[in-house]
Structures are given as structure tokens and as C-alpha cells.
Amino acid sequence: MAGVRLILALHIHQPVGNFDGVFQAAYDDSYKPFLDVAEDYPEVPFVLHISGPLLDWLSANRPEYLVRVRKLVEADRVEILGGPYHEPILPNIPHRDRVGQMRAFGTRLKSVFGSAPKGMWLPERVWEQSLVGSIVEAGLEYTLLDDFHFERAGMESKSLRGFYLTEDEGRLLKLFPNSEQLRYLIPWKEPHETYEYLKQVAHETPGAVLVCGDDGEKFGGWPQTHDHVFARGWLRRFFDMLRGNREWIECTTLARAVESSLPKGKIYIPDASYREMTEWVLEPERYLELRAAQRDLQDSLNAGAIRRLGGGGGNWRNFRVKYPESDEMYVRMLAVSRRLAEAEASGIDPAIVESARMDLYRGQCNCPYWHGAFGGLYLPHLRNAIYKHLIAADVELDRIEGLTGPRVEAVVQDWNLDARNEVRLRNESLTAFIRPAQGAQLYELDVHAPGVNLLATLDRRVEAYHQVIVDAALGHAEGDAPPSVSQGVLFKHPDLDRLLVYDRSPRKAFVDHVYPLDATLDDAARCRDIERGDFAAGAYLGRVSREPSAVCLELERTGLADGHSIHIRKTYRLVASDPCITVNYQLSQLPRDRSIRFGVELNVAALAGHAPDRNYRTSEGESLGMLSSRIERSDCHGLRIIDDWMPLAIDLSWTQPGGLWCFPVETVSQSEGGFEGVYQSSVILPHWELRGDDANGGKWEVEIRWRVGPESGSTAGRSKGQVRESVAAGQLE
């Protein structure tokens with residue numbers, strides 16, 4: 001036929017763990033108003049992908065929306081796309097979970113809309129060729145990738161006006177190019193500019209098929225778009241343009257295009273995601289180099305060829321390298337997935353583990369595993385949701401496997417896939433992960449009952465867009481800003497440049513520091529160069545031992561403390577039926593000619609920093625302020641942290657009185673609403689002035705207890721329980 005066929009595809013999504021008010025605002029500002037307008041234009045069919053978390057919310061809170069969409073599906077005015085249920089990045093999860101998520105969501109969509117999907121929305125368009133097998137095995141026939149993906153394979157944009165076949169191990173999948181040109185026109189430019197572009201394509205390639213697939217939230221849900229799209233009538237003008245030119249613009253769906261036309265050929269796509277994503281994954285220096293090179297080349301006659309063949313961006317998986325916190329969630333997710341698969345392989349009925357499986361799937365939701373123009377990884381409530389569901393799956397598998405009584409275990413293996421052994425200590429209340437090779441730090445502490453990881457922290461690190469904040473603070477007209485913010489710098493909070501502080505060691509627990517005697521709270525909070533030891537990230541040697549109702553991990557290291565060689569031995573101890581981690585420190589070879597300041601850093605995350613019902617208290621109950629407070633005390637034996645909302649009480653105590661510093665860890669990140677400061681965790685740092693003398697023989701000892709529960713009470717009368725055998729315990733290499 002003459003003219004063009006246009007496919008409008010909307011992807012609407014809210015991540016697992018997002019606030020109910022965010023779901024509601026997106027519904028009010030975007031999802032419902034778009035449907036209100038679209039229902040008036042039967043001549044404009046479109047494709048709709050509703051992510052699983054959003055579908056579940058709509059089903060529970062706005063079922064009338066789903067009823068309206070079903071009527072459009074039944075009238076063949078809307079095609080529903082499937083995909084993985086809880087919107088994971090598919091290369092980030094095992095093959096079995098890819099197939100399981102897509103099949104589960106297909107079943108759910110059929111129950112809601114009356115028919116199973118044939119095509120899918122690929123989350124964040126993160127593509128690897130091996131996905132073909134997973135997608136086809138799940139029963140899906142086609143998906144859409146950005147034209148950027150095709151250009152990385154060497155194709156020119158004028159060739160991308162239909163769909164293609166790709167293949168892996170003999171399995172065929174249809175791929176539609178998703179037009180970047182149209183995504184930048186709709187809805188940002190007036191409808192006549194889209195008209196002119198479509199007219200040009202119709203002249204060059206009669207019968208072309210063009211796809212514009214993008215986030216539905218840009219129709220009213222993104223800042224300042226609701227007024228533009230709805231109040232000022234952009235969407236109605238756009239639909240009027242399409243209806244008025246339907247003699248040569250045929251609005252259609254992916255399914256109809258597949259039925260009515262042949263593939264344009266076969267193609268193999270290199271690993272890629274959308275263009276901006278391949279840039280965000282780069283380290284800041286590399287990102288800025290790439291942006292500078294792009295500016296230098298933009299007027300070159302060969303710019304198009306260089307873009308197609310050179311690329312320059314990175315692989316999505318490297319977010320796990322750029323952000324170790326993403327990798328921590330990833331390896332935790334893999335462990336739960338393996339455990340679930342082993343339970344099924346042992347003969348357990350799959351129906352029995354369905355609850356654990358859905359928690360695993362929710363714990364695979366992609367948004368907190370990366371960071372770009374949106375908060376993602378930087379949003380604590382999204383990271384907390386990942387851990388909540390992974391912990392819930394683990395606890396449910398405990399129940400299924402009959403592990404319900406008092407118990408304690410130690411398992412030594414390479415938990416985080418770094419070719420070094422880590423140690424997991426676990427009883428019925430807590431799960432603790434310790435990495436001897438990096439400061440013998442406690443890097444994850446899961447509290448089972450509320451499903452919270454108290455060490456879901458995030459380090460402060462340099463981001464490329466921080467230069468924009470620095471330039472704004474200095475009064476410069478322009479910075480070297482990423483494309484998403486370069487046209488307007490929005491600051492959601494004042495004085496953000498004061499938060500541009502970068503951590504020198506991971507914000508975890510039992511991180512060992514040596515400071516000069518004149519170090520201050522402000523020095524520690526501002527991450528000034530005051531470290532005088534090599535213990536914070538140094539490797540410790542360790543071994544696991546057992547007692548009748550406890551497990552211990554003994555670690556030791558000889559290192560430098562202000563130029564003097566000292567020895568630290570620290571022993572983690574976990575007892576059956578006791579929600580308490582105890583760590584005993586023994587320092588020896590302390591210098592006798594001078595004093596050193598020894599500090600043990602503890603971080604507490606997963607709580608709100610600026611809420612009055614989450615606060616510090618003394619052991620006597622006196623309030624010391626919210627968790628965003630700075631606190632300095634002397635001659636201190638400990639403190640309490642109370643979360644009345646969860647509810648949760650954390651008791652920290654140490655047997656030797658000393659000084660105490662507390663301060664918040666706050667990051668600066670970019671989001672769709674602008675730059676913002678985000679509270680991540682609170683540092684609790686007891687410290688002591690130590691000196692070896694004849695009285696103590698150059699030795700010193702302290703025991704630190706970290707107790708967690710709805711309230712802190714005596715452990716008297718608690719069941720002793722038994723020690724479970726470790727699958728691989730003993731000497732750590």
C-alpha cells in the first residue's frame with residue numbers, strides 16, 4: 001500500500017516497592033487521562049504494555065481501568081504485550097527465571113484481558129542474542145528493540161522500516177526497530193512535525209512500518225507534561241492529525257503487521273540497550289570522554305557511520321561493576337534462585353513453592369539494579385523492596401524445608417562471586433554475610449521477621465552529572481551535563497553541592513579505622529583524608545568454629561596503625577534463637593610511645609532519616625534526634641535506634657566506654673524531577689584512644705553487640721537450639 005503504517009506502543013510501569021502515592025499520581029496524571037482521550041479515537045489502535053507490578057496495583061486499586069482496557073482489547077483496538085512479570089533485566093536473571101516470569105505473566109494477562117500475548121516488551125530494551133531461546137521457549141513471537149540496536153549491527157536508519165528475523169540455535173524471533181526519531185518527536189514537538197516526518201518516510205519507502213514505543217508516563221506523568229499533553233490539548237491534536245490523514249497513515253499494531261507483511265530479512269544484534277543506557281553504565285571519566293567525542297563529531301560528514309559502527313557505550317551488566325551495591329543484590333538473588341531450583345529438583349511440588357517463587361520474581365525487578373536519568377539504585381525504598389522479597393523467599397523456603405526450630409549455621413563459600421570466600425552466619429532470626437578479604441566487614445544483615453537488610457547501604461561516589469551541580473554552585477552558565485538535563489537544571493533541594501562528599505571505604509559494618517588523635521566528627525563526616533590504618537579494606541585471615549549452640553568466625557590481621565604494626569583479632573559470634581551479632585575485638589602490639597584512635601564503623605540503612613518516629617535514643621530512653629542528626633558524645637557505652645513504624649529496635653552496645661560520632665550518609669542523584677539529596681544510611685562510629693603500656697602489655701579488648709528485635713529484652717530463658725552442620729565450613733583461604 002502507499003503511505004505508512006504507524007504502530008504506537010506504550011509501556012507503563014511502576015517498580016516493586018514504589019510508594020502507593022506514586023502509583024496513584026501516575027494513574028491520575030497519565031494512565032487514566034490517556035485512556036480517556038484514546039477511547040474517543042477508534043481509528044487509532046495502539047499497543048499497550050502494563051508491567052506486572054502496575055497490573056497488580058491496578059487490579060487491587062483501580063480495577064475499572066482494566067475493565068476499560070479489556071473492552072478495547074476485545075474490540076481489537078488495543079494489543080496487549082507480555083514480558084517478564086516483574087520487569088527484570090532479562091540478562092540479569094537465570095534462564096529458568098526468564099522463562100518462568102514470561103509464562104507467569106502471560107497466564108495473568110490472559111486471565112485479565114481474555115487472550116494471551118504474542119509479543120513482549122523487553123525491559124529497558126537490554127538485549128543479548130541468547131535471549132532468543134528464553135523468549136521463544138516462553139511462547140512469545142516478537143519484540144521491539146531501538147533502532148540504535150540495529151545501527152550497532154551496521155544498518156542504516158532508512159532500512160529500519162519493517163521487522164526482521166533473528167535466530168539462536170534454530171529458534172526464530174521477530175524484531176521490530178523502535179524509532180528514536182519518533183520518540184523525540186512524540187509528544188515533545190507539535191503534531192505537524194510528526195506529519196512531515198511520516199510524509200517523508202512514505203515518499204522514500206511506500207508501505208513502511210514504523211514503531212514508536214516508549215514510556216507511557218511521558219504522556220502526563222513526567223514533570224510539566226500533564227499540562228502540555230492534556231490541558232493544552234497536544235494528545236487530541238495528535239490523534240486528530242492521525243485520523244485526518246488515515247488515507248495514507250494506517251495506525252496498526254505489531255500483531256497486524258506480522259500477519260500482513262513479510263520480514264525484511266535476518267539480522268543478529270550485538271549486546272546493547274537503548275543508547276542513553278549504554279552511556280550511563282560508563283564510569284564518569286569515560287562517559288565525559290564519550291560526550292566530548294560526540295560533540296566533536298556531530299558536524300562530521302561521517303558522524304552517522306561512526307555512530308553505527310563505533311558505538312562507544314558499555315554493556316548493561318557493568319552496572320554491577322560500577323555499583324557494588326547492585327552486585328550485592330544480584331548475587332543474593334542468584335542464591336535464592338538456586339535454592340528454589342534445588343527445592344523443586346528434590347521433588348517438592350512446584351505449587352508449594354509458588355509463594356517463594358513470586359517473591360523471588362519481585363526481587364528481580366530491574367529498577368534498583370542500575371542508575372541513569374532516574375533514581376533507580378539511589379532510591380533506598382526500591383533497594384529495600386528487593387531485599388524484602390528475597391528475604392521473604394528464603395524464609396518461606398525454610399518453612400517448606402522444615403527448618404522452623406532453633407538453629408544456627410555457618411556456611412563458607414564464594415557468595416559474591418569474587419573468587420574469595422565469604423561467610424554466611426544464620427539463625428532463625430538473622431542472616432549475616434561477612435567478607436574476610438575486604439576488611440572482615442559485615443556487608444549484609446537480614447532481619448527475617450520484617451524482611452529488612454539493615455546494611456542495604458549506598459556509597460557516595462562521583463557521578464558525571466555532579467559537575468552540573470558544581471558549575472551551578474559556582475555560577476557557571478553551563479556544565480558538561482548529560483543530555484537528559486542539559487536543557488534545564490532543576491534542583492529539588494538547596495545547597496546540593498555541600499552533599500558532594502565521596503566515601504573512601506564501603507559504608508558497611510565493623511569497618512575498622514585508625515584516626516589521628518585530633519580527628520573530629522566533621523572530618524569523618526566529610527570523608528577527609530584522616531585514615532591512618534590499612535584495616536578498613538585489608539584482607540583478614542579467618543576460620544569458623546562451633547560451640548554447642550553457637551557459631552564463631554575468628555578473623556585476624558597484622559597491619560599498620562599510624563606507622564606502627566599492630567595486630568587485630570575480631571570474632572563474630574551468632575547464637576541459636578538470639579537476634580544478636582556479637583563481635584569481640586582484641587588488639588595487641590599497641591605502640592607504647594604514643595596513642596592511636598581506633599574506631600569501628602557501623603552503618604544502619606533501610607530506615608528513614610528525617611522521620612520523627614525513627615530516632616536515636618540513649619540506653620535510658622532519652623531521645624537524641626532523628627537519624628539524619630549529627631551526634632557527638634563522650635564516655636559512651638552504646639545507643640538505641642528505634643523505628644516505631646516498622647516497628648524495630650536496634651541496640652548497639654560496647655563494653656569499653658569511648659567517644660561516639662553519628663552522622664548521616666546522603667547522596668546526590670538525578671531523577672526525572674531534577675537533582676535531589678537522598679538519605680541512605682546513618683553511621684554510628686564508637687572510637688577509643690589507645691596506648692600500649694606495661695599495665696596492659698600492649699593489649700586492649702572490647703566487645704560490641706548488635707541486637708535487633710521488636711524490643712530489646714534479656715535473652716534469659718531462650719532456647720539453646722542446635723548447630724546446623726555447615727556445607728563448607730572451616731579454614732578460609
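Observations on the model:
- Leading residue at positive end of dipole, the stretch 249-295 (Cβ point charges), from TYR274, CYS251, LEU288: CYS251
- Cβ-based net charge around VAL683, under 15 Å, with every Lys or Arg adding one and every Asp or Glu removing one: -1
- Once the Cα-Cα distance is subtracted from the 0.36 nm per residue extended length, the ALA75 to ASP28 segment shows a gain of 14.5 nm.
- Electrostatic bookkeeping for PRO63 treats Lys and Arg as +1 and Asp and Glu as -1; over the other residues with beta carbon under 15 Å from its beta carbon, the sum is +4.
- Using only Cα coordinates, the Kirkwood hydrodynamic radius of the stretch 481-621 works out to 18.8 Å.
- Our estimate of slack between THR404 and THR558, defined as 0.36 nm per intervening residue step minus the Cα-Cα distance, is 51.4 nm.
- Whole-percent carbon and sulfur share, accessible surface of the chain, 1.4 Å: 48
- Accessible surface, per residue, of the stretch 397-547 when the full set of protein chains is kept, probe 1.4 Å, Å²: 40
- Label separation (ASP227 vs LYS264): 4.0 nm, computed from points 7 Å beyond Cα along the C-beta direction.
- Sequence-distant lysines (8 or more away, or on other chains) whose Cα lies within less than 20 Å of LYS322: LYS508
- Using the Karplus relation 6.51 cos²θ - 1.76 cosθ + 1.60 with θ = phi - 60°, the per-residue 3J(HN,Hα) values for the stretch 635-652 come to 6, 10, 10, x, 7, 10, 10, 10, 10, 6, 7, 5, x, 7, 10, 10, 10, 10 Hz, with x marking Gly and Pro.
- Residue list for the stretch 350-380, given a label point 7 angstrom along the Cα-to-Cβ vector of ARG96 and an amide N cut-off under 20 Å: 350-365
- Over 18 Å (Cα to Cα) - which of LYS174/LYS199; LYS71/LYS110; LYS174/LYS218 fall in this group: LYS174/LYS199; LYS174/LYS218
- Note on the stretch 561-629 and the stretch 53-117: Cα centroid distance 47 Å, given to the nearest whole angstrom.
- Neighbour count of at most 16 Cβ within 10 Å plus DSSP loop: longest chymotrypsin sites (Phe, Trp or Tyr not before Pro)-free window in the chain: 269-501
- Its relative contact order, with pairs defined as Cα atoms under 8 Å and 6+ residues apart, puts the stretch 151-276 at 35 percent.
- Against the rule of thumb 2.2 N^0.38 Å, how large the Cα Rg of the stretch 318-446 comes out: 1.08
- Formal net charge of residues neighbouring THR457 (Cβ-Cβ distance under 15 Å; K, R +1; D, E -1): -1
- Peptide packing for 632-639, 351-358 was compared via the average number of neighbouring C-beta atoms within 10 Å per residue; ordered from the highest value, the list is 351-358, 632-639.
- Among the GluC sites (Glu not before Pro) found in the stretch 134-190, those both in a DSSP coil and sparsely packed, with 12 or fewer other Cβ atoms within 10 Å of their Cβ, are GLU156, GLU169.
- Sites ARG617 and ARG592, calculated FRET efficiency, Cβ-Cβ separation with R0 41 Å, nearest 0.05: 0.60
- FRET efficiency, LEU172 to GLN656 (Cβ-Cβ, R0 51 Å, nearest 0.05): 0.15
- The mean sequence distance of close C-alpha pairs (under 8 Å, at least 6 residues apart), as a share of the length of the stretch 386-470, puts its relative contact order at 22 percent.
- Gain upon complete extension [GLU190, ASP296; 0.36 nm per residue less C-alpha separation]: 35.2 nm
- Geometric extent, Cα atoms of the stretch 343-397 - Rg, Dmax (angstrom): 13.7, 45
- In the frame of its principal axes, the chain has Cα extents of 97, 64, 46 Å, reported largest first.
The values are calculated or read from the model by the stated rules, or taken from the named source; none is laboratory data. Values in this document were obtained by computation on a predicted structure and should not be read as measured data. Don't worry about glycine lacking a Cβ; one is built from the backbone with ideal geometry, like all the others, and counts go over all protein chains shown. Each accessible area value is taken on the protein alone, full model and side chains, heavy atoms only, with ligands, DNA and RNA left out. Shrake-Rupley method; radii C 1.70, N 1.55, O 1.52, S 1.80 Å.
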